[in-house]
Structures are given as C-alpha cells and as structure tokens.
Amino acid sequence: MAVRLVNVGFGNVIAAGRIVAIVSPDSAPAKRVVQEARERSRLIDASHGRRTRAVVVMDSMHVVLSALQPETLAGRIGTETES
C-alpha cells in the first residue's frame with residue numbers, strides 16, 4: 001500500500017491519508033488552531049513567507065500552513081487519491 005502525497009506548494013508534500021481538514025485561515029477558530037499549534041511546536045509553515053491561504057489539520061495534531069487556496073488543495077487530493 002503506497003502512501004499518497006499531496007503537493008501543498010513550493011515542493012512540499014504531505015500524506016493525503018493523514019489530512020483531517022483543510023480550512024481558510026480567516027476565521028477565529030482557525031486562528032486559534034494555528035496559535036495552539038505554534039505554542040505546542042506542531043506548526044509547519046509550508047507557505048515560504050507568502051500569505052497563508054489554507055490551514056491543513058493533520059491527524060497527528062500537526063497544522064500545516066499553505067499558500068494555496070483550500071479549493072486547490074482539495075482538488076489535488078481528489079485527483080491524486082482517485083488514481
């Protein structure tokens with residue numbers, strides 16, 4: 001069984017099967033999730049200094065910040081997991 005990887009931008013990839021949610025960073029709950037992850041050293045910033053457009057919550061309680069839109073990431077997960 002192969003691990004399916006999803007490109008979250010700038011050559012960074014994460015395991016598709018470990019994703020719990022992909023949300024916009026604009027809401028207050030998403031901001032709290034990011035802050036808690038930062039405080040617990042579970043934040044992975046894959047945005048390379050660009051504006052964060054998606055917050056990816058993993059089943060390991062890690063949070064990944066991406067410069068790609070949530071819709072773009074969801075589309076990549078859908079196309080990569082169907083093959």
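Search the range 18-35 for residues being free of Cβ contacts under 8 Å to residues at least 24 places away in the same chain and assigned to a helix (DSSP H, G or I), and hand back the single one that is most open to solvent (accessible area, probe 1.4 Å).
For the range 18-35, the residue satisfying everything is Arg32.
When we screen Leu65, Leu43 for residues that are touching an Asp or Glu at 6+ places or on another chain (Cβ under 7 Å), of a type in the set (A, V, I, L, M) and open to solvent by less than 50 Å² (accessible area, probe 1.4 Å), the only hit is Leu65.
If only residues of the range 4-17 that are open to solvent by 80 Å² or more (accessible area, probe 1.4 Å) and touching a residue at least 60 places away in the same chain (Cβ under 8 Å) are counted, the one that is farthest from Arg50 (Cα to Cα) is Arg4. For the range 39-55, residues that are more than 15 Å from Ala74 (Cα to Cα), touching a residue at least 12 places away in the same chain (Cβ under 8 Å) and not in a loop (DSSP other than H, G, I, E, B) total 3. I'm checking my understanding of the structure. Among residues of the range 46-62 that are closer than 12 Å to Ala15 by Cβ and not polar (S, T, N, Q), which one is surrounded by the most Cβ atoms within 10 Å (Cβ to Cβ)? Ranking the qualifying residues of the range 46-62, first place goes to Val56.
The values are calculated or read from the model by the stated rules, or taken from the named source; none is laboratory data. As the structure is a prediction and not an experimental result, all values here were calculated from the model. Cβ sites come from the backbone with ideal geometry, for glycine too, and all protein chains shown count toward neighbours. What goes into the accessible areas is simple: the full protein's heavy atoms, side chains included, and nothing from ligands, DNA or RNA. Shrake-Rupley method; radii C 1.70, N 1.55, O 1.52, S 1.80 Å.
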